[in-house]
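Take a look at the structure set out below.
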Amino acid sequence: MTDLVVRRLLVDMEKPIPRHWCAGDAFRTALFDALSMSFPVGEQFFIDSVRNGFKALPADRQDEFRAEVQGFVGQEATHRRLHSLYNAHLEKLGLVNDWEPRARKRLQPLEGQHVLHWLGITAANEHFTAIFADFMLHNADLLGDRDPRLKTLWLWHSAEESEHKSTAFDLYQALGGNHEWRVKWMRRVTVFFLTDTLMQTVRNLRRDGTLWKWSTWKSAGSFLFGKRGLVRLTYQPWKEYFRHDFHPNQQDSAASVRWLQENSHQFTPVGQRDAVPA
Ligand SMILES: [Fe+2]
Ligand SMILES: [Fe+2]
């Protein structure tokens, strides 16, 4: 079990966000903004999955998971809140969030479905966020220094994603989830996640007026496929998920531990209330 601390981030999200806050780079800004747009709806789904998964556990196994589930819910709820404030600034910049309504519609048929499906989807998404988080923590300079608030927000979020990467997975296993459905959901989540990210990034760039600039495409090429490109560095860890003996904790969390130690002045730990029934 992982000891999950809920932290209040000491950043001021009242101030507006500069248009190209990510090192003046239109592509990276549009991509990060797209991901931020997906979090309020996505993280609510993860919270609901984990809460319902916890409730479905036999009574004698709940104690084993209680603290971790509380930590998970507290962390994701805090992420949602800050990304909602972030997204409100993006709206003022003229960006339109298409991802959220599409995701809501897609999640509707899951209402009433077995909790293992919810957890399978959540565990797959959490694997995506964990490998992306590790990439960010190792390549923090790519966030630039134009808006130190957002740099801190992305790295704090990354550090916590890495911390709680096994919660949904462990609940899925504890409830008897099988390998076949786990990887089936990962394949589907991969298609949806990549398509949604691409569509929203393009939409953001179009609104920003930078979609057809050479510098945008050059940045996309290097950020995704360059020497330390996102696709190049995350492909292998993504593939690991398909192994029968995979567990999220097999993947390194040292960068997350290090960031949290070195940046303790950026947050205060807070208690968790009412996340799951006592
Ligand atoms: Fe999160
Ligand atoms: Fe998460």
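Every number in this text was worked out from the coordinates using simple rules, so none of it is lab data. In this text the structure is predicted, and so the values were computed from the model without any measurement. All Cβ positions, even for glycine, are placed from backbone atoms using ideal geometry, and neighbour counts span all protein chains on display.
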**Asked** Could you say which residue among ALA59, ALA30 is on the phi < 0 side of the Ramachandran plot, surrounded by fewer than 20 Cβ atoms within 10 Å (Cβ to Cβ), more than 16 Å from ligand 2 (Cβ to nearest atom) and among the aliphatic types (A, V, I, L, M)?
**Response** ALA59
**Asked** In the stretch 106-148, what residues are in contact (Cβ under 8 Å) with a residue 24 or more places away in the chain, surrounded by fewer than 23 Cβ atoms within 10 Å (Cβ to Cβ) and either among the acidic types (Asp, Glu) or not in a helix (DSSP H, G or I) (or both)?
**Response** ASN139, GLY144, ASP145, ARG146, ASP147
**Asked** Does the stretch 149-188 hold any residues that are under 14 Å from ALA123 (Cβ atoms), over 16 Å from the mean Cα position of the chain (by Cα), buried (at least 16 other Cβ atoms within 10 Å of the Cβ) and among the basic types (Lys, Arg), and which are they?
**Response** ARG182
**Item:** Identity of the residue in the stretch 25-62, within 14 Å of ligand 1 (Cβ to nearest atom) and small (Gly, Ala, Ser), that ends up farthest from THR210 (Cα to Cα)
**Value:** SER49
**Asked** For the stretch 160-200, which residues satisfy the criterion of being within 16 Å of ligand 1 (Cβ to nearest atom) and in a loop (DSSP other than H, G, I, E, B)?
**Response** HIS164, LYS165, SER166
**Prompt:** Using beta carbons and a limit of 9 Å, which pairs, at least six apart or on different chains, have the first residue in the stretch 256-270 and over 16 Å from TRP154 (Cα atoms) and the second one assigned to a helix (DSSP H, G or I)?
**Reply:** VAL270/GLY74; VAL270/THR78
**Fill in**
Result of the Cβ filter at 9 Å on the stretch 158-184, keeping first residues that are in contact (Cβ under 8 Å) with a residue 12 or more places away in the chain and partners that are away from ligand 1 (no atom under 16 Å from the Cβ) and acidic (Asp, Glu), at least 6 apart or interchain, is SER162/ASP252; GLU163/ASP3; ALA174/GLU64
**Request:** Name the one entry in ALA140, ALA133 that is among the small types (Gly, Ala, Ser) and either within 16 Å of ligand 1 (Cβ to nearest atom) or touching a strand residue (DSSP E or B) at 6+ places or on another chain (Cβ under 8 Å) (or both).
**Result:** ALA133
